[in-house]
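What follows is a single structure, and I will ask about it in a moment.
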Amino acid sequence: MLGEVDISKRQAEIADLVQKAGFASVEELAERFDVTTQTIRRDVNGLCELGVLRRTHGGVEPPAPASNIHYSTRQILNLPEKMLIAKLVGEKIENNQSVAFSIGTTPEIVMQALTGHEKLAVFTNNLNVAFTASSNPSFQVTIAGGRLRHGDRDILGSAAQAFFSNYKVDVGIFGVAGVDEDGTLLDFHEDEVAARQSILANCRKSYLVLDHSKFGRTAHVRGGQLKDVDAVFCDRAIPDAFLESLRGSKTEVHTALDQNSV
């Protein structure tokens, strides 16, 4: 279960398919999943009520984003890929370590993969991460104070930046909205970048977690480079054009297919 989003496996697959294709008709979806059109209508109606999709003539399409895609939508998009990433990261985190987590759905799913660990000290401005971490009684969970951002359930601004600067953690785990071809890390808000950079400055090892869809995805706020982090975790091989920005760096690249250093 992710947050409060209660959907079926088929609904998650429908949302992912429509997000990638841009449109799907009810008839096409019924044929693809081998169910009746009435069943598909119930599925897509539920997704539309959550704001994950929107109805259009003859079918459904992704909602028109005002900025970033809504958190509830991001929770289920590319979910299998994010779970692969989380498994890779989980193999690198040791019991008794201190770990800082940023905002975003991939860090949240990484936290889910770590709930079987013991005695982690978790520091985060992401309430979804904090809630998941609190399910393990051996974890010590510390959260940032400040104004809660609705929908994303996170805390940003100067309070979040100061919060991370109070600690020196073993590992910092964060995501990004997108990566430009020259290796520039991109987000939608200055406060998102500032919080991420505060984690980067106050951890012994920095882990960037992102699925393949983030490469080439556009966002308008710059914040660091791929080569700034100690390790990148992705579900599949990073496109060659983006790897050029890592040439000569010490950044490790870990994927679900293989693990190597660039």
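For each of THR255, THR218, count neighbouring Cβ atoms within 10 Å of the residue's Cβ, then give the residues from fewest to most. Provide the component values of the computation, followed by the final result.
Values: THR255 18, THR218 9.
By the 10 Å Cβ count, ascending, the order reads THR218, THR255.
Could you work out the longest stretch of the chain that avoids the GluC sites (Glu not before Pro) located in DSSP loops with at most 15 other Cβ atoms within 10 Å?
5-90
Another question, if that's okay. Please work out how much length the chain gains when fully extended from LYS119 to ALA162, using 0.36 nm per residue of separation minus the C-alpha to C-alpha distance, in nm with one decimal.
Numbers: separation 43, 0.36 × 43 = 15.48 nm, distance 2.44 nm.
Length gained, LYS119 through ALA162: 13.0 nm.
Given R₀ = 30 Å, what would the calculated FRET efficiency be for ARG222 paired with GLU31, taking r from the Cβ atoms and rounding to 0.05?
After rounding to 0.05, the efficiency reads 0.10.
For the pairs LYS20/LYS214; LYS20/LYS227; LYS82/LYS214; LYS92/LYS119; LYS168/LYS205; LYS9/LYS82, note any where the Cα-Cα span goes beyond 19 Å. List each step's numbers first, then the result.
Details: LYS20/LYS214 13 Å; LYS20/LYS227 29 Å; LYS82/LYS214 12 Å; LYS92/LYS119 15 Å; LYS168/LYS205 10 Å; LYS9/LYS82 15 Å.
Pairs exceeding the cut-off: LYS20/LYS227.
Relative to the first principal axis of the alpha-carbon coordinates of the chain, what is the inclination of helix 190-201, with its axis defined by its Cα atoms, in degrees from 0 to 90 and to the nearest 10?
40
Let me ask something additional. Kirkwood hydrodynamic radius of segment 114-262 from all distinct Cα pairs, in Å? Before the final figure, lay out the partial values.
Working: mean 1/r = 0.0622 Å⁻¹.
Computed over Cα pairs of segment 114-262, the Kirkwood hydrodynamic radius comes out at 16.1 Å.
Further question: Could you line up PHE139, PHE23 from fewest to most neighbouring Cβ atoms inside 10 Å?
Details: PHE139 20, PHE23 12.
In order of increasing Cβ crowding within 10 Å: PHE23, PHE139.
Per DSSP H run of at least 4 residues, take -39500 (n - 2.57); add these up for the chain, divide by its residues and hand me the 222 nm value, nearest 500 deg cm²/dmol.
On the way: 10 runs with 92 residues, N = 262.
That comes out to -10000 deg cm²/dmol.
When N is the residue count of segment 9-66, what does its C-alpha Rg come to as a fraction of 2.2 N^0.38 Å? Provide the component values of the computation, followed by the final result.
On the way: Rg = 10.1 Å, N = 58, 2.2 N^0.38 = 10.3 Å.
Against the empirical 2.2 N^0.38 Å value, I get 0.98 for segment 9-66.
If you don't mind, another one. For segment 78-261, calculate the relative contact order in percent as a whole number, restricting contacts to Cα pairs under 8 Å that are 6 or more residues apart.
On the way: 427 pairs, mean separation 36.7, N = 184.
The value is 20 percent.
Let me ask another. If I stretch the segment between GLU61 and LYS250 completely, what's the gain in nm (0.36 nm per residue apart, minus their alpha carbon distance), one decimal?
The span from GLU61 to LYS250 would gain 63.9 nm if fully extended.
Principal axes first, then extents: for the Cα atoms of the chain, list largest minus smallest coordinate on each axis, whole Å, largest first.
54, 42, 32
Could you let me know the centre-to-centre spacing of segment 187-262 and segment 103-142, using Cα atoms, in angstrom?
First find each Cα centre; the distance between them is then 21 Å.
If the chain between HIS150 and SER134 were fully stretched, how many nm would it gain, using 0.36 nm times the residue separation less the Cα-Cα distance?
Details: separation 16, 0.36 × 16 = 5.76 nm, distance 2.04 nm.
Contour length minus the Cα-Cα distance gives 3.7 nm.
Only bridges whose two residues both fall in the chain count here: according to DSSP, what percent of them are antiparallel, nearest 5? Before the final figure, lay out each step's value.
Working: 17 of 41 bridges.
Looking only at bridges with both residues in the chain, the antiparallel portion is about 40 percent.
Angle between the Cα long axis of helix 9-21 and the longest principal axis of the chain, 0 to 90 degrees, nearest 10?
90
None of the figures in this text is laboratory data; all of them are computed from the coordinates on show. Treat the numbers as computed from the prediction; the structure is a model and nothing was measured. Glycine also receives a Cβ, built like all others from the backbone with ideal geometry; neighbour counts cover every protein chain displayed.
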